[in-house]
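Below is one structure, written out as structure tokens; comments come after it.
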Amino acid sequence: MLNKQELKKLTVLLSGQKRIVLTTHTNPDGDAIGSSMALLHYFEKKGHTVSALVPNDFPEFLSWIPGSEKMIVFEKKSKAAKKLLEKADIVFCLDFNALSRVGSMSETLKNVKVPFVLIDHHIDPEMESFAFVHSTVQISSTSELVFDFISRLDDLELIDKQIAECLYTGIVTDTGSFSFSANNSNTYRITAELIDRGLVPDKIHQLIYDTFSENRLRLLGMGISDRMLVWNDLHTALIYYTAQDLEKYNEQVGDTEGVVNYPLSMKNINLAVLLTERDKNIRISFRSKGDFSVNDLARKHFNGGGHKNAAGGKSFISMKETIELVKSELSNYKKQLDYQLTYS
Ligand code: 5GP
Ligand code: MN
């Protein structure tokens, strides 16, 4: 986390009117877009010229977020994005811990010579890539850290309804509507503060969660009924979607978001896995309950990482082989996966 001295240095760097570029991770989620847009509005209020980049498209259910139409998708507009980066005075990196997490944008970012500021909550940030690091795994979302950052700069009065809605989006999506990583009382204090500034949680919740297309809901149902494997001895359930499945349901960006959480609602299931096949690659999502670290699992065996209870990775072999690989790797963790959550 930034100490007083670093904060002072950063304040000096941000004095006057600066060209600021905000960046976030591949397959941006609610926290990535929410924290980026909150910071964009904040810096604009401070008089800076701000742009926000995302490596690839974000889901439609986040498109209502005020300012999100200004997002520049690197995959589609790399020339414009590169120009902005060339002219930037300072670059903010939000909700990711290593430059490799921005996919196709990472080579370009590596050649940018201005100071980088990291605001993030993933484990083991790549310290050498950033001049300033505001990072801790103790806080459930980058959006909450952005609130903290604005507060440390003594600018809480600049948090208006729009910024509050952006920050709430990150908080509510990264905590699964306050159902995990939500044991810190500060998360609720901040949320209360956001309500006082005009946020209406019911409305935002509906905008995020009650916008399924018929196809998306049917894809979820099909996944649970026809594509779910339950390995009781490993306390694990896995859902997989082949490329043909996704095509059949006319999958749109974000349609498989949240599917991975459903298997965890089964008693005695401590680990949930979702495999999605696109362009011959398989993306892997892991979610766990309790102490089992899917960050360690994803890092060690599946070219990925994330948080203790939510992580992702990739596989470059077939669906059938990936399922077999997941099962055989997990068989080495049989003991660690065998626990029961009880009331105490
Ligand atoms: P999701 O399963 O929702 O895609 O990702 C869950 C968490 O894991 C997120 O915090 C995300 O940043 C992280 N994550 C997902 N995919 C990868 C990956 O390929 N590499 C790393 N390091 N983290 C990932
Ligand atoms: Mn996050």
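Search the stretch 166-177 for residues that are charged (D, E, K, R) and pair each with any residue that is within 15 Å of ligand 1 (Cβ to nearest atom) and in a helix (DSSP H, G or I) when their beta-carbon atoms are under 9 Å apart and the residues are at least 6 apart or on different chains.
Asp174/Gly30; Asp174/Asp31; Asp174/Gly34; Asp174/Thr142; Asp174/Ser143; Asp174/Glu144
Pick out the one residue from Asp120, Asp154, Asp160, Asp148 that is on the phi > 0 side of the Ramachandran plot and out of contact with any Pro (no Cβ under 9 Å at 6 or more places or on another chain).
Within the list Asp120, Asp154, Asp160, Asp148, the selection yields Asp154.
Considering each residue of the stretch 147-168, count those that are among the β-branched types (Val, Ile, Thr) and more than 19 Å from Ser135 (Cα to Cα), and give that number.
Count: 2.
Looking only at the stretch 102-115, how many residues end up being closer than 17 Å to Gly312 by Cβ and surrounded by 22 or more Cβ atoms within 10 Å (Cβ to Cβ)?
1
Taking the stretch 44-83, which residues are hydrophobic (A, V, I, L, M, F, W, C) and either in contact with a Lys or Arg (Cβ under 6 Å, 6 or more places away or on another chain) or surrounded by 20 or more Cβ atoms within 10 Å (Cβ to Cβ) (or both)?
Result: Val50, Ala52, Leu53, Val54, Phe58, Phe61, Leu62, Ile65, Met71, Phe74, Ala81.
Quick one: would you say Met37 is crowded, with 19+ Cβ neighbours inside 10 Å and not polar (S, T, N, Q)?
On the way: crowded, with 19+ Cβ neighbours inside 10 Å: yes; not polar (S, T, N, Q): yes.
Answer is yes for this residue.
Look at the stretch 30-44 and say how many of its residues are out of contact with any Leu (no Cβ under 8 Å at 6 or more places or on another chain) and in contact (Cβ under 8 Å) with a residue 60 or more places away in the chain.
Selection size over the stretch 30-44: 3.
Got at least one residue in the stretch 325-344 being touching a Ser or Thr at 6+ places or on another chain (Cβ under 8 Å), touching a residue at least 40 places away in the same chain (Cβ under 8 Å) and either within 25 Å of Tyr209 (Cα to Cα) or outside any helix (DSSP H, G or I) (or both)?
Scanning the stretch 325-344 turns up no residue that is touching a Ser or Thr at 6+ places or on another chain (Cβ under 8 Å), touching a residue at least 40 places away in the same chain (Cβ under 8 Å) and either within 25 Å of Tyr209 (Cα to Cα) or outside any helix (DSSP H, G or I) (or both).
Here, each number is a calculation from the coordinates, and none is a lab measurement. Just so it is clear, the structure is predicted and the values come from calculations on it, not from any experiment. Note: ideal-geometry Cβ built from the backbone for every residue, glycine included; neighbour counts use all protein chains shown.
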